[in-house]
Structures are given as C-alpha cells and as structure tokens.
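The structure under discussion appears below in the form of structure tokens.
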Amino acid sequence: MAEANGPNEAAAEGEPGGSIPESVPPGTTISRVKLLDTMVDTFLQKLVAAGSYQKFTDCYKQFHQLQPEMTQRIYDKFVTQLQASIREEISEIKEEGNLETVLNSLDKIVEDGKNCKEPAWRPSGMPEKDLCSVLAPYFLQQRDTLRHHVQKQEAKNQELAEAVLAGRRRVEELQQQVQARQQAWQALHRERRKLAVVLKEPK
C-alpha cells in the first residue's frame, strides 16, 4: 500500500477516472448545467489535492506510525463523506434556486440570440431613456390588455342593462294586464249587482 498517496488523489491529479471532461473542440457549446457540475467536480478534486493523504498523515504522525491501515481508512472515509456532503449541499442549492431550469433558459436565450441578425440592445448612457425604452412596451401592452377587459366588461354591462330594461317592460306589461283584469272584474261585479237590484224590484 502506498501510504503517501490515497486513492482519491488519483482523481485529483486528473488521472483516468477523474470527473473533469476532456477538452472540447473550439466553438462547441456546453450547457451551463454541465459547466456547473464540472466546476463542482474540479473544486472537489482541488480540495482533495489540497488535503492530501501525506498532509493528513503529517498531522497524525504517531497514530499513522502505530496504525497505518487505520489511518488510510479514516482518511478515505473522511474524504468520501466530505465530497458527499458538499455534493448534497450543491444539489439542495440547485433545487431551491431552480438552477437547472434557469441555466437551461439562459442557454436557450443565448442560442436564440445567435440567430438574431439585428444588433443587440446596448444602453445609450441615458438611464431615463433606457428605462422608458424597456418599460414603455410593457406598459403599452398592459394598457391594451386593460382596455380589452374594460370593453368586455362594458359589453357585459350593456347586456345586463338591456336585460334589466326588458325585465322592467315585462313587469309593466304584467301590471297592466293585472290592472285590466281587475277593472274588468270590477265592471262585471257592478253589472251583477245592478242585475240583482233589478231582479229584486217589484213589478
């Protein structure tokens, strides 16, 4: 067993089995998610290299002299748990910040921008003008949307108003019908009373 070099240092030195990808041809686009993962892997490798097995044993010389195999196992377990802990923290950060979706969206924006022949927007040096140029289209769109909603609401209000007027006219017609029937009934009742009086008069 080589005590001066732990098994994790081979990856740290970029030997086969390491997580650093091979160099890609110029002009090849690599997703930002993959770049983030590669950066994390490189950081872990550099971290392990900085805390090499040799440095670890230098801090615990007496223990290493008495228990070299135990020292090797402790170091390996420490490095493994450290890497796992860091990867877990990075995963939680990626999940909480929705980083994969954000980075993929950024990649898409960059790719879409490559096909745009118009010159990219640049600040003019006048913050007021730049702010208006950015916010004006948004506010105009919001204004058009509000106008559309207002028109729809006004149309609904007009329909409701017409329905109310129609209902009022119907109520008035029913009231007139009721009043006409009441007057007809009253006239009929008066005629019956007159007829009854005539029949009671002596001949």
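The values are calculated or read from the model by the stated rules, or taken from the named source; none is laboratory data. A quick note: this is a predicted structure, and the numbers were derived from the prediction, not measured. Note: ideal-geometry Cβ built from the backbone for every residue, glycine included; neighbour counts use all protein chains shown. In case anyone asks, the SASA skips ligands and DNA or RNA and just uses the protein heavy atoms, side chains included. Shrake-Rupley method; radii C 1.70, N 1.55, O 1.52, S 1.80 Å.
The table below gives the values:
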item	result
Summed side-chain charge close to residue 88 - residues other than residue 88 whose Cβ falls under 15 Å, Lys, Arg +1, Asp, Glu -1	-4
Listed residues 90, 174, 136: farthest to the positive end of the dipole of the stretch 70-201 (Cβ charges)	174
Cα-projected label distance for residue 96 with residue 124, points at 7 Å along beta-carbon direction, nm	4.2
Net charge dipole size for the stretch 32-97 [Lys, Arg +1 and Asp, Glu -1 on Cβ; Debye, nearest 20]	260
Rounded Å value of the spacing that divides the Cα centres of the stretch 42-83 and the stretch 146-171	80
Relative intensity, log₁₀ I(q)/I(0), of the stretch 32-97 from a Debye sum that treats every alpha carbon as a point, q = 0.15, 0.20, 0.26 Å⁻¹	-0.57, -0.81, -1.10
Surface accessible to a 1.4 Å probe, per residue, for the residues of the stretch 32-97, Å²	69
